[in-house]
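This report refers to the structure that appears directly beneath it.
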Amino acid sequence: AGAPATVYRLFGGKVGNLKAALDVATAGHEASPPVAARPAVRAAVAATRGEDVITGFVGVTAAINGRIAALYRVLTQAADADGEARSLLETLNAQRGRGQALLVDALVSGHVIRSGLAAERAADVVHALMSPELFRSLVGERGWTPDAYADWLTRTLCDQLL
């Protein structure tokens, strides 16, 4: 019962360790402020041009997805067989949805969202396109660079939402 066993118990087992790793990977490091409070997110929310709102959110999302994609895959696979992992995945997806809602809200409040596009549908588009799974597929499996992913995601979201 050495250090690894102590660390394992400290975070509450496998899922607890995975949650701790995801928390740090999402933040970038332990001292980072919550994502919504970061200057890049605040600047994106305050932007008046839709393209600037989207570009700001894509930059933050691409960086986070780059850090969490592999861990997120482990969690999604574990969620199929483990209730605790499934609960954690649901919690993280809800948190991601709330963060992504800031993007949609900024577009709606700035009156730059595409005419006839309901906020709920826009939220679905953002949720799907900004997912860690899509990042992992394009960057990890298909060989895209993170910059190519961010450029494509920005153009695609602008086409879909503005």
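Rounded to the nearest 10 degrees, what's the angle between the helix 146-161 long axis and the longest principal axis of the chain, both from Cα atoms, 0 to 90?
50 degrees
Would you report the distance distribution of C-alpha pairs in the range 74-162 as whole percents per 10 angstrom bin, up to the bin with the largest distance?
Each 10 Å bin holds this share of Cα pairs: 15, 39, 33, 12, 1.
Which of Pro132, Pro39, Pro146 ends up with the largest GNM mean-square fluctuation for the chain, with Cα atoms connected below 10 Å?
Pro39
Taking θ as phi - 60°, what are the ³J(HN,Hα) couplings along the range 14-21 by the Karplus curve (6.51, -1.76, 1.60), each to the nearest whole Hz, with x for Gly and Pro?
Values per residue, Gly and Pro as x: 4, 5, x, 5, 5, 4, 4, 5 Hz.
Could you check the spin-label model distance between Glu84 and Asp147? Points 7 Å from the Cα along Cα→Cβ, value in nm.
So the label points at Glu84 and Asp147 sit 4.3 nm apart.
With θ set to phi - 60°, apply the Karplus curve 6.51 cos²θ - 1.76 cosθ + 1.60 along the range 103-110 and write out the HN-Hα couplings as whole Hz, x wherever there is a Gly or Pro.
Per residue, the Karplus-derived 3J(HN,Hα) values read 5, 4, 4, 5, 5, 5, 5, x Hz.
Expressed in nm², what is the orientationally averaged projection area of the convex hull enclosing the Cα positions of the chain?
Working: hull surface 41.8 nm².
Projected area, direction-averaged: 10.5 nm².
Determine the sum of side-chain charges near Leu88: Lys and Arg each +1, Asp and Glu each -1, restricted to other residues whose C-beta is under 15 angstrom from that of Leu88. Can you show the working numbers first?
Details: positive: Lys14, Lys19, Arg73, Arg86, Arg96; negative: Asp23, Asp80, Asp82, Glu84, Glu90.
Result for the neighbourhood of Leu88: 0.
Return the single residue from Asp82, Asp52, Asp105 with maximal mean-square fluctuation; model: Gaussian network over the chain, springs between Cα atoms under 10 Å.
Asp82
Any idea what % of Cα-Cα pairs in the range 42-91 are farther than 12 Å? If you can, show how the numbers build up before the last one.
Details: 827 of 1225 pairs.
Taking all Cα-Cα pairs of the range 42-91, the fraction more than 12 Å apart is 68 percent.
Roughly how big is the chain's charge dipole about its Cα centre, with Cβ charges of +1 (Lys, Arg) and -1 (Asp, Glu), in debye to the nearest 20? All intermediate terms of the calculation are to be shown ahead of the outcome.
Details: 16 positive and 16 negative charges, 44 e Å.
Using Cβ point charges on Lys, Arg, Asp and Glu, the chain gives about 220 debye.
Since every read-out is calculated from the coordinates, none of them should be taken as a lab result. Quick caveat: nothing in here was measured; it's all calculated off a predicted structure. In this analysis, Cβ positions are derived from the backbone assuming ideal geometry, glycine residues included, and neighbour counts consider all displayed protein chains.
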